[in-house]
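Heads up, the thing below is written out as structure tokens.
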Amino acid sequence: MNEIVAVRGGGDIATASIHRLHRCGFRVLILECGAPTAIRRKVAFCEAVYEGVSTVEGVTARKVENIENCETVWNRREIPLLVDETGECLKKLQPHVLVDGILAKKNLGTTRDMAPLTIALGPGFEAGVDVDYVIETVRGHNLGRIISKGCAMKNTGVPGVIAGFGKERVIHSPATGIIKNYSKIGDWVEKDKIIAMIGDTPVPASLTGLLRGIIRDGFPVKEGLKIADIDPRQSEYENCFTISDKARCIAGSVLEVILHDMQCIG
């Protein structure tokens, strides 16, 4: 399978699809913005924007400066990542598939003419109009459902419930400024413990648990931005560093759409 799949976005949900497609033999290219805001940074290929490389469950993404460098990275059995927020390189690259995995809850410029097969994850897209297929991303009975006509469910703004906690698991920035992290991903934090500062404003832990994700130290944040994620289960330490069940479910649906399309063409 030498077909090229371009994926807009390299956050934790998109990373699961990228990881699976790479493992199945597709040549995947990640297109990212210049300052991604991933929370679950240990399982997000977009960290390569800052670090040059990012390895998730044995698979490495490597930042490249142009699409001419992609072949070298693919030959190393790695995934190239290019900072290209608008997808300008697609005209030259001409991928077989384009996946919009930005999860911005709105369409940031993806159109059906960007590739023969287009797929979008989550709300903000209409299957059959904006893209060919939409994948449901809301937890529940329809998670991972492949939509060929219509839209995914609207964003609820409420994270999945774990050990009885839902919205309490997510921390949003209480102020605008530069974040200084006092805790790191994987730390056990106590409720009300200060895990970061934004300027002179403290950021307390919303509950006791594992700090599953936190935005990069030194990142300029705006008030209200999601900046951290806590898992109340002490036994789930490894989950901080592995792809989630939700993301894997979505990845399976992305792979299914692509394989079905290839079968139909073949």
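Figures for the structure shown
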item	result
Residue check for GLY124: in a loop (DSSP other than H, G, I, E, B) and in contact with a strand residue (DSSP E or B) (Cβ under 9 Å, 6 or more places away or on another chain)	yes
Residues of region 51-86 that turn out to be touching a residue at least 60 places away in the same chain (Cβ under 8 Å) and over 17 Å from ARG8 (Cα atoms), as a count	2
THR118 crowded, with 19+ Cβ neighbours inside 10 Å and part of a loop (DSSP other than H, G, I, E, B)	no
Yes/no for PRO95 being touching a Cys at 6+ places or on another chain (Cβ under 9 Å), closer than 22 Å to ALA247 by Cβ and either of a type outside the set (Gly, Ala, Ser) or part of a loop (DSSP other than H, G, I, E, B) (or both)	no
Residue list for region 2-39, filter: surrounded by fewer than 24 Cβ atoms within 10 Å (Cβ to Cβ) and at positive phi	GLY25
Those residues of region 98-115 which are in a strand (DSSP E or B) and over 14 Å from the mean Cα position of the chain (by Cα), in sequence order	LEU98
Boolean, ILE79 is closer than 22 Å to VAL134 by Cβ and in contact with a Ser or Thr (Cβ under 9 Å, 6 or more places away or on another chain)	no
Region 170-188: number of residues that are in a loop (DSSP other than H, G, I, E, B) and either at pLDDT below 95 or small (Gly, Ala, Ser) (or both)	4
Members of region 79-91 found to be under 18 Å from the mean Cα position of the chain (by Cα) and part of a loop (DSSP other than H, G, I, E, B), listed by number	ASP84, GLU85, THR86, GLY87
Breaking point among (1) under 17 Å from the mean Cα position of the chain (by Cα); (2) more than 16 Å from ILE250 (Cβ to Cβ); (3) part of a helix (DSSP H, G or I), for THR15	(2)
Among the residues listed as VAL134, VAL99, the single one being within 20 Å of ASP12 (Cα to Cα), buried (at least 21 other Cβ atoms within 10 Å of the Cβ) and in contact with a Phe, Trp or Tyr (Cβ under 6 Å, 6 or more places away or on another chain)	VAL134
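The values are calculated or read from the model by the stated rules, or taken from the named source; none is laboratory data. All figures in this text were calculated on a predicted structure; none of them were measured in a lab. All Cβ positions, glycine included, derive from the backbone under ideal geometry; neighbour counts span all protein chains shown.
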